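Just so you know, all these numbers are worked out from the coordinates, no wet-lab data involved. Please read all numbers here as calculations on a predicted model, not as lab measurements. Cβ coordinates were reconstructed from backbone atoms using ideal geometry, including for glycine residues, and neighbour counts include every protein chain displayed.
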Amino acid sequence: MIELLDLYKEYKTRQGVVVGVNHVSLKIEQGEIFGIVGYSGAGKSSLIRCINLLERPTSGSVRVNGMDLTRLNAADLRQARQ
């Protein structure tokens with residue numbers, strides 16, 4: 001199971017703060033299949049990068065099978081991905 005709890009990601013730019021993912025909560029049970037669709041610039045890639053923690057969310061958590069991946073250090077995250 002994958003669970004996103006109040007996931008939020010912002011990017012700081014020269015022009016100010018840009019919100020890439022705005023407080024997303026979602027639960028995907030084992031065996032379910034989801035697609036992520038939206039307009040260009042809607043935050044689809046930012047959401048995926050936060051789910052797999054290639055980018056850390058600004059706030060919120062990503063849980064896989066009950067384990068909060070956002071609380072893991074780099075070494076433990078590599079182990080969890082295996």
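Some values worked out for this structure:
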read-out: Proximal charge balance of Asp76 [Cβ under 15 Å; K/R count +1, D/E count -1]; value: +4
read-out: Cβ-based exposure ranking for Ile48, Ile2, in which fewest neighbours within 10 Å come first; value: Ile48, Ile2
read-out: Amide H partners (placed H, <5 Å) of Gly20, local residues excluded; value: Lys9, Glu10, Tyr11
read-out: Sum of -39500 (n - 2.57) over DSSP H runs of 4+, divided by residues of the chain (222 nm, nearest 500); value: -5000 deg cm²/dmol
read-out: Calculated Rg/Rh (Cα atoms, Kirkwood Rh) (choose from [x] 0.98; [y] 1.08; [z] 1.73), label; value: [x]
read-out: Extension gain, Lys12 back to Ser61 (0.36 nm per residue minus Cα-Cα distance, nm); value: 15.6 nm
read-out: Taking Glu29, Glu3 and counting other C-beta atoms within 10 Å, the order from fewest to most; value: Glu29, Glu3
read-out: For the chain, size of Cβ-based charge dipole, Lys and Arg +1, Asp and Glu -1, in debye; value: 340
read-out: Burial ordering of Glu32, Glu55, fewest other beta-carbon atoms within 10 Å first; value: Glu32, Glu55
